[in-house]
Amino acid sequence: MTRLYGAITGWGAYVPPHIVTNHDLEATLDTSDEWIVQRTGIRQRHIAGADETTSTMAIKASLAALAQANLPATELDLILVATSSPDYFTPPASSLVQAALTPHHIPAMTIVTGCTGFVYALVTAYQFIQAGVYRNILVVGVELLSRFLDWRDRSTCVLFGDAAGAVVVQATEQPCGLQGYDLGSDGANCQHIIMPAGGSARPFGPDVLDERSHYIRMNGREVFKFATRIFAPASERALRMAGKCIDDIDWVIPHQANLRIIQAAAKDMGVPLERFIVNIDRYANTSAASIPLALAENLANGRIKPTDTLLLLSFGAGLTWAAAVVQMQPQLHSAQSLSEKSRRVGEGNVFVYP
Ligand code: UT7
């Protein structure tokens, strides 16, 4: 049987137009631009408008990715949406995206692993591609966390932003795609990022509202320690599965949670910071959207080429981690690299890369 690979043929991202700077936050919170920049590297974040939801943002990013792949949504075989901030607890955000994109009753699944969701979803997509089950898969990472933050809690609300990113993975016989990965979960430490109420453990009620325990709570220091501990070994395991070493990696795309975490990872892994993609200053932590957003933005500006070997590296609620070694497109495309042709077409804040 012919071996099947998955090429990433389309990518797109959406960020809401409204920007909130650190200085804006100083007006309502006991915080400062200086503290936020020094401790996190964040300068601003995009916040969704009242008329937007998680699925409307996901659909915009998906349409951009499908347009670039030149694939009608009706040709999709599977939709995977990674999010921890869905429109509803139920129905799943993935079904809302499916209904908006295609009349066909294709499978659609929401993956909830916090900030690692996009990498988990991408690895899942590749299992279906490599097994020969589905040929065209849409993978989305999207978050509208601003609606789940306690805007009185300076230790969490300054950290996050809203965004969506999407890729199209298509079966091909040309070697490319996912080469190695390492996924994991340390559930014993799940309390460090938690929305304490609103689920079956503590259903919503007036007391929950009073305590504001339906919002995200985080033990930042513990999460910081976890992230800096996990990045190097997870990368090593993913590289080993790929049969590669760190010098084979053109770009590391880390989850954008804190610049200091990225700097520590670079040091631990012995990789110059210049080979890490960093955009946390402009978007803050967009959780499951952070890696596909960074990917789409840097493909558009030509920094990343579709034939580059990438190391995607993420951690988040769970506590989970996910590392993946990916070459988006086969080398034979390099002579006519998509990135050379790409230009950014502004359509509102939808990035489209034709
Ligand atoms: O995507 C996964 C989700 N989460 C993360 O990745 C978060 C990982 N953790 C972090 O990024 C960092 O731990 C934070 C940025 C959350 C916090 O930085 P830190 O250097 O670990 O600060 P800290 O929590 O140890 O707090 C230091 C001080 C405290 O004051 P005291 O107790 O020393 O007087 C905080 O109350 O900073 C204070 N503080 C703030 N001050 C001004 C906490 N938040 C703020 C704030 N503005 N926004």
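Descriptive notes on the structure:
- Any hit, the range 203-214, residues being acidic (Asp, Glu) and closer than 30 Å to residue 303 by Cα: no
- Selected residue (criterion: nearest to the ligand (Cβ to nearest atom)) from residues of the range 140-162 that are in contact with a Pro (Cβ under 8 Å, 6 or more places away or on another chain) and not charged (D, E, K, R): 141
- Leading residue by the ranking (surrounded by the fewest Cβ atoms within 10 Å (Cβ to Cβ)) among those in the range 96-111 that are assigned to a helix (DSSP H, G or I) and touching a helix residue (DSSP H, G or I) at 6+ places or on another chain (Cβ under 8 Å): 100
- Residue among 78, 71, 29 that alone is of a type outside the set (Ser, Thr, Tyr), closer than 22 Å to residue 148 by Cβ and modelled with pLDDT of 95 or more: 29
- Scanning the range 80-95 for residues that are part of a loop (DSSP other than H, G, I, E, B) and within 13 Å of the chain's Cα centre (by Cα) yields 83, 84, 85.
- The residue that is farthest from the ligand (Cβ to nearest atom), among those in the range 201-225 that are in contact (Cβ under 8 Å) with a residue 12 or more places away in the chain and under 25 Å from residue 263 (Cα atoms), is 217.
- The set of residues in the range 229-258 that are crowded, with 16+ Cβ neighbours inside 10 Å, in a helix (DSSP H, G or I) and either of a type in the set (Ser, Thr, Tyr) or within 16 Å of the ligand (Cβ to nearest atom) (or both) comprises 230, 231, 234, 235.
- Any hit, the range 279-292, residues being within 28 Å of residue 80 (Cβ to Cβ), touching a helix residue (DSSP H, G or I) at 6+ places or on another chain (Cβ under 6 Å), at pLDDT 95 or above and surrounded by fewer than 18 Cβ atoms within 10 Å (Cβ to Cβ): yes
Let's see how each residue does on (1) farther than 15 Å from residue 166 by Cα; (2) of a type in the set (A, V, I, L, M); (3) away from the ligand (no atom under 16 Å from the Cβ):
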{"residue": "8", "(1), (2), (3)": "no, yes, yes"}
{"residue": "22", "(1), (2), (3)": "yes, no, no"}
{"residue": "26", "(1), (2), (3)": "yes, no, no"}
{"residue": "29", "(1), (2), (3)": "yes, yes, no"}
{"residue": "40", "(1), (2), (3)": "yes, no, no"}
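- Considering the range 112-137, the residues that are part of a helix (DSSP H, G or I) and not hydrophobic (A, V, I, L, M, F, W, C) include one that is farthest from residue 176 (Cα to Cα), namely 114.
- The strands (runs of 3 or more DSSP E) found entirely in the range 1-79 that carry 1 or more residues being surrounded by fewer than 17 Cβ atoms within 10 Å (Cβ to Cβ), under 22 Å from the mean Cα position of the chain (by Cα) and free of Cβ contacts under 8 Å to residues at least 40 places away in the same chain are 19-21.
- Test: residue 257 is touching a Cys at 6+ places or on another chain (Cβ under 9 Å), aliphatic (A, V, I, L, M) and at pLDDT 95 or above: yes
- Residue ID - farthest from the ligand (Cβ to nearest atom), chosen from residues in the range 267-304 that are assigned to a helix (DSSP H, G or I) and without any contact (Cβ under 8 Å) to a residue 12 or more places away in the chain: 274
- Enumeration of residues in the range 164-222 that are under 21 Å from residue 234 (Cα atoms) and among the basic types (Lys, Arg): 221
- Breaking point among (1) modelled with pLDDT under 95; (2) surrounded by fewer than 20 Cβ atoms within 10 Å (Cβ to Cβ), for residue 299: (2)
The values are calculated or read from the model by the stated rules, or taken from the named source; none is laboratory data. Please read these numbers as outputs of a predicted model, since none were measured by experiment. Note: ideal-geometry Cβ built from the backbone for every residue, glycine included; neighbour counts use all protein chains shown.
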